[in-house]
1. Quick one: order ASP199, ASP194 by neighbouring beta-carbon count within 10 Å, fewest to most.
2. Can you list which of the chymotrypsin sites (Phe, Trp or Tyr not before Pro) found in region 1-55 are DSSP loop residues with at most 14 other C-beta atoms within 10 Å?
3. Hey, any idea what Rg/Rh is for region 68-250, computing Rh the Kirkwood way over Cα pairs?
4. State to the nearest 20 debye the size of the charge dipole of the chain about its Cα centre, where the only charges are +1 on K and R beta carbons and -1 on D and E beta carbons.
5. At 7 Å along the Cα-to-beta-carbon direction for both ARG49 and SER137, put a label point, then send me their distance in nm to one decimal.
6. Binning at 10 angstrom from zero up to the longest distance, how are the C-alpha pair distances of region 175-257 distributed in percent?
7. Using only Cα atoms and rounding to the nearest 10 degrees, what angle (0 to 90) does helix 138-156 make with the longest principal axis of the chain?
8. May I ask you to derive the relative contact order of the chain, considering only C-alpha pairs under 8 Å and at least 6 residues apart, and to give it as an integer percent?
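Throughout, read-outs are computed from the coordinates displayed, never taken from laboratory work. Bear in mind the structure is a predicted one, so any value in this text is a computation, not a measurement. In this analysis, Cβ positions are derived from the backbone assuming ideal geometry, glycine residues included, and neighbour counts consider all displayed protein chains.
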Amino acid sequence: MLNFKNANILLLCVVTAMTLKYFSAPFSPTYFILPFFIWSLLVFYGCYRIDSGFFIKIKCKEDTEEKVMSLTFDDGPSPEHTAIILDILKVNNVKATFFCIGRNIEGNEDLLKRMHREGHTIGNHSYSHAFWFDLFSKTKMTRDLEQFDLKMRSIIGVRPKLFRPPYGVTNPNVKASIINGNYFPVGWSIRSMDTVAKDKVRLLKNVSSGFAAGEVILFHDTCEITKEILPELLALAREQGFHWKTIDQLFHTQAYV
């Protein structure tokens, strides 16, 4: 499997071989750009494909024949949408996993308590979810995740084990922060794109067409369109014989430590 370490070794070997060749049979030095260009494309792919395992293995779906899926929501809690989504889940007796942003918990502590009280799982999605989060140093990134943990522990008395990287971006510093915090990293297999979707019918069709055993669906409890399609989505899953598990249940891991 090609990963960051192997890509670096491969780059070193290619550049070394080219250097030896250059001194025995000179060629244009511009050819040295090519291996670095290919390496940069691989790194870019690894950063932005959460299921690539390029920097660290991240669980994105479960290999199972059981007709079960996991419903996840990022970026909340939202005072405009989260409570309604919780209402819909409660009516349908569905448990989900919420990857919350620490700064969004401020002023919405009751929503976090409700998630926990009603049996949903809560994961760490960073405290700041800063636009440049993936460029943070290892120390700053680790402190950001720890700040979320402290905030959550102060409200509901537990520390999350599950972590989903902001924007789904991974790199060596994200890997180090995951290891330092002893988190279980979580991705997704069905990305709804609800943050940019405008057409409810198309969004519902795009997500439901991907229904399969072990899938992990990514939604955001910050979007109007998400709560609008959620009842029908749950009904479609039920009609097809699917039921829902939280991420810790689906992946057979701990939710909290």
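1. ASP199, ASP194
2. In loop regions of region 1-55 (DSSP not H, G, I, E or B), the sparsely surrounded chymotrypsin sites (Phe, Trp or Tyr not before Pro) are PHE27.
3. 0.95
4. Dipole about the Cα centre, nearest 20: 660 debye.
5. Going by the 7 Å Cα→Cβ label model, 3.3 nm.
6. 15, 42, 29, 13, 1
7. Computed tilt is about 10 degrees.
8. 27
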